[in-house]
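Since every read-out is calculated from the coordinates, none of them should be taken as a lab result. Just so it is clear, the model here is predicted, and its values are computed rather than measured. For neighbour counting, all protein chains shown are included, and Cβ atoms are generated from backbone atoms with ideal geometry for every residue, glycine included.
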Amino acid sequence: MAVVLVLVAIAVGSVLFHLVSPWWWTPIASNWGYIDSTLVITFWITGAVFVAVVMFLAYCIWRFRHDPNRRAHYEPENRRLESGLAAGTALGVFVMLAPGLFVWHQFITVPADASEIEVVGQQWLWSFRLPGADGRLGRAETRDVTSDNPLGIDKTDASGLDDVIIQGAELHLPVGKPVKVLLRSIDVLHDFYVPEFRAKMDMIPGTVTYFWLTPTRTGTFDVLCAELCGVGHPQMRGTVVVDSEADYQAWLAQQSTFAQLQASAQPAGATMAEVAAGK
Amino acid sequence: MVDASHGASDVIPPAAVEDVELYHPHSWWTRYVFSQDAKVIAIQYASTAMAIGLVALVLSWLMRLQLAFPGDFPFIDSQRYYQFITMHGMIMVIYLLTALFLGGFGNYLIPLMVGARDMVFPYANMLSYWLYLVAVLVLVAGFFAPGGPTGAGWTLYPPQAILSNTPGGQDWGIILMLVSLILFIIGFTMGGLNYVVTVLQGRTRGMTLMRLPLTVWGIFTATVMALLAFPALFVACVMMLFDRVLGTSFFMPAIVEMGEQLKHGGGSPILFQHLFWFFGHPEVYIVALPAFGIVSDLISTHARKNIFGYRMMVWAIVIIGALSFVVWAHHMYVSGMNPYFGFFFATTTLIIAVPTALKVYNWVLTLWRGNIHLTLPMLFALAFIVTFVNGGLTGLFLGNVVVDVPLSDTMFVVAHFHMVMGVAPILVIFGAIYHWYPKITGRMLNEGMGQVHFWITFIGAYLIFFPMHYVGLVGVPRRYYEIGETSFVPASVHDLNIFITVMALVVGAAQMLFLFNLFWSLRHGREAGGNPWRATTLEWQTPQTPPAHGNWGKDLPIVYRWAYDYSVPGAPEDFIPQNQPGAYGLTREAIA
Amino acid sequence: MSAMIVFLAVLAVIITWWLSRQGLMSKPWLEVGHVPAGLSDRREASQIPALKLGLGVFLAVVGALFTLFISAYLMRVDAQDWWATPVPRLLYLNTAVLCTSSLALHWAKFEADRGRDDGLRTALLATFATALAFIAGQVLAWRQMVASGFTLTDDAAASFFYLITGMHGLHILGGMVALTRTARSAYRAGPVTERLQLRVELCAIYWDFMLAVWLVLLALFAGWASNFVDLCRQLLT
């Protein structure tokens, strides 16, 4: 009857492991607490089903183990029992699915006041672009990528000139403000993944994808890549710092715009005006 | 309760069964090597699949060693690590599981269970195996090709898969992988046509569809699905091969690699993902449905009770098969596809949980009030239920679109799919081998070795993959050569990784005992006799054990009843073979 | 993937229709001994030769294959930077040749059914010649395309054109292998056997199917198909 004991141990042990093990998600730092709640609902429902099935299995094995003097009960089917179980399962599925779809609707509906930022992935580096004073990101194309224009920003688009470019440095975000994160890749698939934000999305070369979030607490968070992007995949790291508004503005003031970067890359004598006029 | 109203008039005269012409082997070569006998082809398929599976097992050891002791094994660099995960994944999913369930069990069991002499197209069946073997050899050639096998991940996502800094991307690796897959698909199609047409046309007299054992239902439905799903992989492979070899841009947008603009432009990487998962999701059920079918028969036979709710089980198999074609994009929730697809695919995905859950209930309800023999096949079937329920339930996390967002691409996903389509189906394979080995060889597998193998495999596999979910919950992404320094992964995760690796080594080692048992019992196993489990289905009623060429001697069997007449009230024994005439028990008239 | 979903829906209807005749609602444990009335225990099914059924299943697989190519094409055609490739006029001639090939095979079937081996041989030869002419015509069309600057890697439309027509050509070539084997047994002396009749019939089915596939592909490349798809979209919205 070792099987019965082992099955009971698996049911009880799994629940205990879930409750007492130190491994759990990182404290959330965005508005996606709903995702965590949906996950917890799912844990409760599935956990209950798992324990019920395994315990019942253990009971059956113990109670109906082989006995040469007994014959198995003959019952080809039981419509009522089966329909009841189907209905119960459908209900459980609905209870998990309904909040899930509700939260998904929020997830894909970007609030109107969200400010846009752009994350650009390449092997194996994160770059960021903020819209600058005019609040708009300029056009960008992978075709326009050159060594002095690594994000491929369209120089003929005036709204791109004041874009703030952050390369190989930390991204800062103001706390409490919704952000729409536009995702772009210039080589392979990447995935902008900050565990504390819960939200993530793949970046696809040739397309711009997005997700949105509102950072809810200040702090420094790791950025990882979550879509296999080659041998350097695990080394593709970055940092996001969520600041208070004042700290954020102070940081922003120190960053250079696309036009400034272009100017410093131009040979001496070339000025901003020429770059702008060069269009 | 013997029902006299069904008398001799219902016995179908044997003369009504027409015989089929068979290709009879003339030499040792055509008997054992280029054989057209489905039973020999089955053994060829199974041996090849297990041999290549062993390679994949060793690869998983190497990966686990790297994850537990990063940097301690200098020959596992990140390049090799990604080659290992790619080959491990592809081998296990396609070349082991698909080939073993359909090519192995399908070939052995379909003709025997439906009462046919052989598959309907034996020659195509033979070609199917040889193409499979060539596909395996081409795949293995990747290990010896310059640059090694591809390291693109088993999903082979472009553009990464064919770029120069991906292992095998600009060398032979990816080409060999794609060619191997194309060969496999062509070979499989030849076999698949056989399995489908044999079930449709090869059934013996009296074998209606509703008298088929669930094993046949599972394999049949899975084959139909595979025939329709594999073309998607074929299309994806051909187009990628064009991109890689001829420089087209089906999947390749404008790309800057190493500061250089590549010639490609305009292609769509997401198109590949749609094609891949249009194959990839049905593939999960192509593996699962035969396992569902086989486990139903194991449970019923060893609990001496008819499978509970047979009709529901059949409908569930068909419904799952159909639904599985409209859930593919749940692998792509965070791929950047149109986000509104999420609503549709989350709904279909969770709906598929209902028929699947019903199957689980019916397995458990079959045990309820049964007369359970804890034989090895039964133990493996029980272990399957536990691991499948566990893995199926975590699927509800990943199928529910918004819950998938934080969990996708983490170790949670790895734990989930290993539990549900790695461990669970492989436990069924073991159960099935312990169950049918006596029919295939005439001898029982050694019980002691089997017990050791079972306990280590079951408990060990659970201990590997259950805690792994929590590594993913912490936030560790999958496909990481090493996690390195992070602020959110505690040091204790590292200890857990070491534990998982040790368990993986132990479980892997236990499989060597199983392989040894397979060979040892060939000579030293206990003589089994024709029907050691006292089972009802036709394969146990053959005149010889192992069944001879042509399976049935002079006359084909005639089927008088369904496959699950166990413990029928009034019957002298607790089982009535399908080919035994005479009515006992609850007939329509007795109920009326 | 909408084209593939439609294709699968059609298959699902066929499968459901077939399953509905298999007594899936019956209670098999109550039906001991006899085979319930109306259910095929193979007697009915065996009227279709296994080879023919096998070909039917195979054509479903081939259909899935081409539908998936078409699906991929339709998904790509929506994107910007898509320049439709002009269809070489030669394709219309090729279409006529393929039609003739199909007709010739039907003639062969007609002769075979009447056991006239002379006519059968001529008809098979005509089929083979026209099929070969079709392949040659396709290659010529490719060369015209290349000459007018639409190379394989030029742009997506051209890549798809070469890929899909090439795949179709390969299937015709595969069919010609089967046709050659059939012709060989037709050229062997002796009366027309039932098996030969069956093989001619199977070839004819395959030819018709590949002709139908070709007409769909032609509609796709000539742009009629996307007009049709647009119309469907408008009807839906």
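Observations
- Exposure proxy ranking, count of Cβ atoms within 10 Å, fewest first, for A:C225, C:C232: C:C232, A:C225
- For the protein assembly as shown, the Cβ-based charge dipole about the Cα centre amounts to some 3340 debye (Lys, Arg positive; Asp, Glu negative; other atoms uncharged).
- Set of lysines near C:K52 by C-alpha distance (under 18 Å), chain-local residues within fewer than 8 positions excluded: C:K109
- Pairwise Cα separations in the protein assembly as shown fall into 10 Å bins from 0 onward with the following percentages, short to long: 2, 10, 18, 22, 20, 14, 9, 4, 1, 0, 0, 0.
- Amide H contacts under 5 Å for A:A140: A:D154, restricted to partners 5 or more places along the chain or on a different chain, H placed in the peptide plane at 1.01 Å from N.
- Estimated purely from DSSP H runs of n ≥ 4, each contributing -39500 (n - 2.57), the mean residue ellipticity at 222 nm for chain B is -19000 deg cm²/dmol once divided by its residues.
- Amide H contacts under 5 Å for A:D191: A:M203, A:A226, A:E227, restricted to partners 5 or more places along the chain or on a different chain, H placed in the peptide plane at 1.01 Å from N.
- The Cα atoms of chain C give a gyration tensor whose axes a ≥ b ≥ c have a/c of 1.5 or more with a/b no greater than b/c, which makes the shape oblate.
- In units of the compact-protein estimate 2.2 N^0.38 Å, the stretch B:44-183 shows a Cα radius of gyration of 1.19.
- Take each residue in A:204-215, count the other chain C-beta atoms within 10 Å of its C-beta, and the mean is 5.
- Taking 17 Å as the cut-off, the amide N atoms of the stretch B:387-402 that come nearer than this to a point 7 Å along the Cα-to-beta-carbon line of A:H105 belong to B:401-402.
- The order of the peptides B:66-77, A:177-188 by mean Cβ neighbours within 10 Å, most packed first, is A:177-188, B:66-77.
- Spatial extent of the stretch A:115-277: Rg and Dmax, with the Cα atoms as the point set, Å: 15.5, 48
- Spacing of the modelled spin labels on A:E170 and B:R534, each 7 Å from Cα toward Cβ, amounts to 7.4 nm.
- Note on the stretch A:115-277: dipole from Cβ charges, positive end direction compared against A:L252, A:V120, A:A263; the farthest Cα belongs to A:V120.
- Distant-in-sequence amide contacts of A:T239, defined by a placed amide H-H separation under 5 Å and a gap of 5 or more residues or a different chain, comprise A:L171, A:V223.
- Note on the protein assembly as shown: dipole from Cβ charges, positive end direction compared against B:L233, C:L235, B:P25; the farthest Cα belongs to B:P25.
- Quotient of Cα Rg and 2.2 N^0.38 Å for chain B, N being how many residues it contains: 0.99
- Ranking of B:L200, B:L109 by neighbouring Cβ atoms within 10 Å, starting from the fewest: B:L200, B:L109.
- Phi-based couplings in Hz for the stretch A:88-103 (Karplus 6.51, -1.76, 1.60; Gly and Pro marked x): x, 5, 4, 4, x, 5, 5, 5, 7, 6, 4, x, x, 5, 4, 5
- The mean number of Cβ atoms from other chains found within 10 Å of a Cβ in peptide A:32-39 is 3, as a whole number.
- Across all Cα atoms of chain A, the radius of gyration (one decimal) and Dmax (whole number) stand at 27.2, 103 Å.
- Angle between chain B longest axis and helix B:491-524 axis [Cα atoms, degrees, rounded to 10]: 40
- For the stretch C:154-216 versus the stretch B:339-408, the gap between their alpha-carbon centres in whole angstrom: 44
- Spatial offset of the stretch B:270-327 relative to the stretch C:59-116 amounts to 35 Å, using the alpha carbon center of each.
- Shielding value for B:385-392 is 4, the average number of Cβ atoms from other chains within 10 Å of each residue's Cβ.
- Applying the criteria of a DSSP loop state and at most 12 other Cβ atoms within 10 Å to the chymotrypsin sites (Phe, Trp or Tyr not before Pro) of the stretch A:1-55 yields A:W24.
- The stretch B:198-206 - phi-based ³J(HN,Hα) in whole Hz, Karplus 6.51/-1.76/1.60, Gly and Pro as x: 5, 5, 6, 10, x, 5, 7, 4, x
- Gain on full extension, evaluated as 0.36 nm per residue between B:K263 and B:H24 minus their Cα-Cα distance, stands at 80.4 nm.
- Percent of beta bridges antiparallel (DSSP, the protein assembly as shown, rounded to nearest 5): 70
- Charge dipole of chain A about the Cα centre (unit charges at C-beta), most positive-ward option of A:Q106, A:A52, A:T239: A:A52
- Anchor B:K359: aspartates and glutamates whose Cα lies under 12 Å away (excluding residues fewer than 8 positions away in-chain): A:E82
- Pairs from B:K39/B:K439; B:K305/C:K27; A:K155/A:K177 whose Cα-Cα separation, in the structure shown, is over 18 Å: A:K155/A:K177
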